[in-house]
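Everything below concerns the one structure shown next.
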Amino acid sequence: MTATTAESTTPAPTGGHPQRWLILGVICLAQLTVLLDNTVLSVAIPSLTKELDASTSDIQWMINAYSLVQSGLLLTAGNAADRYGRKLMLMTGLAIFGIGSLAAGLAQSSTQLIAARAGMGIGGALLMTTTLAVVVQIFDDSERVKAIALWSTVSSLGFAAGPLIGGVMLDRFWWGAIFLINIPVAVLGLVAVAALVPESKHKQGERPDLLGALLSTIGMTAVVYAIISGPDHGWASAEVLVSASIGVLVLGAFTLWELRTPHPMLDMHFFRNQRFVGAVAGAILVAFGMTGSLFLLTQHLQFVLGYGPLDAGLRTAPLALTIVALNLTGAGARLLPKLGTPLTIAIGMALVAAGLAAIAVLGGQNGYGGMLLGLVVMGAGIALSMPAMANAIMSAIPPEKAGVGAGINGTLAEFGNGLGVAVLGAVLNARFTALVSTAAVSLPAALAAAGGPAERARISDAFASGLETSQLVGAVAVLAGGLLAALLLRRAERSDAPKAAA
């Protein structure tokens, strides 16, 4: 019979669950599948445009349908995992993701593919929340930081490997293969989770918070849609302003409801915890800097330096490889107890900022060599800061609400990713249009309209200047966020010290 609370499951021995590292491998495989799907589609855009006769709007919805559904459901999915069982929701997420992948791979039209991607987003939301929640449940305090570091490593690996795997698959198969490859992984994950992962859940009142789930889903979907569509439609457009306004109003209503209901899906008192708020600020700004800078960097590699999609993907890989190498060796997990969370996060985010600055200053002058240095430094910073911040967020939340904590962590990453692309992209566009007197709204369009080699060179230089400015803006934001997060976490530790002594 399934236990009704996390405490009533079979207690794990000292050190955590006896098969915890094997379980971690299983859930990281599930996590990798979701993250690959976030990035693999980008290299298939030309094939989709040709074979499905997809318009620009269709392509945008193929990409955004997944992100919108996933980000909108993260909190609800985390709450469902806490209430109904993390193992059950993990298996449900794998099943939905596998069925959605099959539908996407066999889609015959843009509409069918968009619908399938939305279905995959439901499975992705369940997987993103339950994997981290299970890590928190099966590892004790002595090993949790290392486990979260390995879980974070998979995120970076998925981000870098997606374009590479997509490029290899498209060289040999048709575009549907990039989705069908998920199916054997989902089946393997289902079997392994059923056999290995222990069930845990926490009964939160007689009835689920259905209104809270509805409000959070609508509010976050509207805000994320405004962030995603801002660069294309214009930040002052009616579509963006209406979506953002609806999102803010509905999230305000969600906050008021959660403060009043006796069994909220998200306890708003978490935000009174300085440790939690400090980790939240840092998590958003690390995602902001990493995703925004890589979004710009891939454009520079292709449009300015002339690399193809696969070559550009290979040249961004050192960022992920640095993170993987440092986390697999346990460097961050060993430093965290010695330096403490505030200093670890401050040093890590300072390195991320330094890497962004190096890409900005050296990338244009020294070609790829300067970018390589910046990517390695950024990778070292992310390997230090991201696991420390995820651990700070999860440790500030009661274990019985680990699913909601994972939902918050995933939501912050989505917001940071969207804001990074939107804000740094806007800075790039503003600088580029200020330097180039053309009606074209993108570098390829401006180059196509150029009158000769000299004008093309001037346009490329203007784009490189815009990249430098936007990367420096990102570096300042990340550094400021790191200092703020470290300050809040340090103050929280000082205020907690007398309570711990008592």
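Is the stretch 89-106 home to any residue that is assigned to a helix (DSSP H, G or I), over 17 Å from Ala65 (Cβ atoms) and modelled with pLDDT under 80? Looking for residues that are assigned to a helix (DSSP H, G or I), over 17 Å from Ala65 (Cβ atoms) and modelled with pLDDT under 80, one finds none in the stretch 89-106, hence no.
Only one entry of Val191, Val248 meets the criterion of being at pLDDT 85 or above, within 23 Å of the chain's Cα centre (by Cα) and surrounded by fewer than 17 Cβ atoms within 10 Å (Cβ to Cβ), and that entry is Val248.
For the stretch 370-380, the condition holds for no residue, the condition being that it is open to solvent by 10 Å² or more (accessible area, probe 1.4 Å), in contact (Cβ under 8 Å) with a residue 24 or more places away in the chain and not in a helix (DSSP H, G or I).
Of the residues in the stretch 125-140, none is of a type in the set (Asp, Glu), open to solvent by 30 Å² or more (accessible area, probe 1.4 Å) and part of a helix (DSSP H, G or I).
Return the only residue of Pro13, Pro46 being open to solvent by 60 Å² or more (accessible area, probe 1.4 Å), modelled with pLDDT under 70 and within 26 Å of Trp174 (Cβ to Cβ).
Values: Pro13 fails: within 26 Å of Trp174 (Cβ to Cβ).
The unique qualifying residue is Pro46.
Consider the stretch 326-357 and keep the residues that are of a type in the set (Val, Ile, Thr) and within 15 Å of Ala390 (Cα to Cα). The one that is most open to solvent (accessible area, probe 1.4 Å) is Thr341.
Output the number of residues of the stretch 276-287 satisfying the condition of being open to solvent by 20 Å² or more (accessible area, probe 1.4 Å) and more than 16 Å from Ala406 (Cα to Cα). Matching residues across the stretch 276-287 total 1.
Which of the residues spanning the stretch 231-245 are in a helix (DSSP H, G or I) and either open to solvent by 30 Å² or more (accessible area, probe 1.4 Å) or among the basic types (Lys, Arg) (or both)? Quick ask: steps written out before the conclusion?
Here is the first cut: in the stretch 231-245, the ones in a helix (DSSP H, G or I) are 231-233, 238-245.
Passing the criteria: Pro231, Asp232, His233, Ala238, Glu239, Leu241, Val242, Ala244, Ser245.
Do we find that Gln112 is touching a residue at least 24 places away in the same chain (Cβ under 8 Å) and open to solvent by 10 Å² or more (accessible area, probe 1.4 Å) in this structure? No: the conditions fail for Gln112.
Only a single item in (1) without any contact (Cβ under 8 Å) to a residue 60 or more places away in the chain; (2) open to solvent by 40 Å² or more (accessible area, probe 1.4 Å) is not met by Glu51, and it is number (1).
Note on the stretch 414-437: residues that are aliphatic (A, V, I, L, M), touching a residue at least 60 places away in the same chain (Cβ under 8 Å) and surrounded by fewer than 23 Cβ atoms within 10 Å (Cβ to Cβ) amount to 5. Given the condition over 12 Å from Met386 (Cα atoms), in a helix (DSSP H, G or I) and among the aromatic types (Phe, Trp, Tyr), answer yes or no: does some residue in the stretch 276-289 qualify? Scanning the stretch 276-289, I find at least one residue that is over 12 Å from Met386 (Cα atoms), in a helix (DSSP H, G or I) and among the aromatic types (Phe, Trp, Tyr), so the answer is yes.
With respect to Ser385, determine if the residue is surrounded by fewer than 24 Cβ atoms within 10 Å (Cβ to Cβ) and not β-branched (Val, Ile, Thr). Taking the combined requirement at face value, the residue does not satisfy it.
The requirement of being surrounded by fewer than 24 Cβ atoms within 10 Å (Cβ to Cβ), in contact with an Asp or Glu (Cβ under 8 Å, 6 or more places away or on another chain) and among the hydrophobic types (A, V, I, L, M, F, W, C) is not satisfied by Ile122. Restricting Arg83, Arg117 to those that are touching a Phe, Trp or Tyr at 6+ places or on another chain (Cβ under 9 Å), in a helix (DSSP H, G or I) and either modelled with pLDDT under 85 or crowded, with 18+ Cβ neighbours inside 10 Å (or both) reduces the list to Arg117.
Per the conditions (1) within 25 Å of Ala357 (Cα to Cα); (2) not in a helix (DSSP H, G or I), the sole criterion not satisfied by Pro264 is (1).
The values are calculated or read from the model by the stated rules, or taken from the named source; none is laboratory data. Bear in mind the structure is a predicted one, so any value in this text is a computation, not a measurement. Note that we place each Cβ from the backbone using ideal geometry, even for glycine, and neighbour counts take in every protein chain shown. Note: areas computed on protein heavy atoms with side chains; ligands, DNA, RNA excluded. Shrake-Rupley method; radii C 1.70, N 1.55, O 1.52, S 1.80 Å.
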